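Nothing in this text is a laboratory measurement; each read-out follows from the coordinates by a stated rule. Note that the structure is a prediction, hence the values are computed from the model and not measured. For neighbour counting, all protein chains shown are included, and Cβ atoms are generated from backbone atoms with ideal geometry for every residue, glycine included.
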Amino acid sequence: MKTLKVLSALLTYPTADLQAARDELIAVIEHEAVLPKADRKALIALIDDLADGDLMDRQERFILLFDRTRALSLHLFEHVHGESRDRGQAMVDLIKVYEDGGYTPTISELPDFLPLFLEFASTRTPVEAVELVGQPAHVFAALRERLRKRQSPYEAVFAALSSLSKAKPDAAMIARLLAEPDPEPDDLEALDAAWAEEEVLFGPGAAADDCGKDSLSSKLRQARRPAPGLEPIPGAGPRTTFTHTGNAAR
């Protein structure tokens, strides 16, 4: 699904090459037409915004949104495990998922980096791709809401992911994520507190995936236990989901 490849590109650090790819990105979205018209329109607006804007301004905006604010981190396990001991094992297991799928990342990013995850999903069959992007649906919904509140055009990417996914995120799970600190990038004291306090886990109550031993859910079984001292929250839905514990004392 090439649309996922476009979404992956839009969540990377803006470059001149990305700006120059405007027509190609739009052509993929319109040709595949796997998204509703409203989502395609919003994505095209984001692509135009990136292509027409001053590159340094767009790069600064990206850094302020996604690099400085933990609540908008593009590393999935930041929202799932925080700094718990399970994060390392989850990384190892996710790398194995990629390897088993015949995918070898060529960039020096952590495996849970969202653009990398979407790049991998784009290499799967449509059914597999939809199932993959549905697994972190709770995280995507929370990120979308935070970007909506900031009136950021990047909201379009997470709206598109929600449309592609067949998952129905549980409102309580999303509420837990949204209850976490979401400071502005220029509030350094609040940023420090958010990075120090947040701790999360992979949903222990989610049922095992029936897509076989090579599925993401089966590879991440070891990451389903809660971090030390935390009580598990029952998962929601029939597939592996990304859930959240709320603030926890260190």
Query raised in the report: What dipole magnitude, in Debye to the nearest 20, does the stretch 1-151 give about its Cα centre under +1 on Lys/Arg Cβ and -1 on Asp/Glu Cβ?
Result: 540 debye
Query raised in the report: Say the dipole of the stretch 1-78 comes from +1 at the beta carbon of Lys and Arg and -1 at that of Asp and Glu; which of MET56, ALA20, LEU46 then lies farthest toward its positive end?
Result: LEU46
Query raised in the report: Over all distinct alpha-carbon pairs, what is the Kirkwood Rh of the stretch 1-82 in angstrom?
Result: 13.7 Å
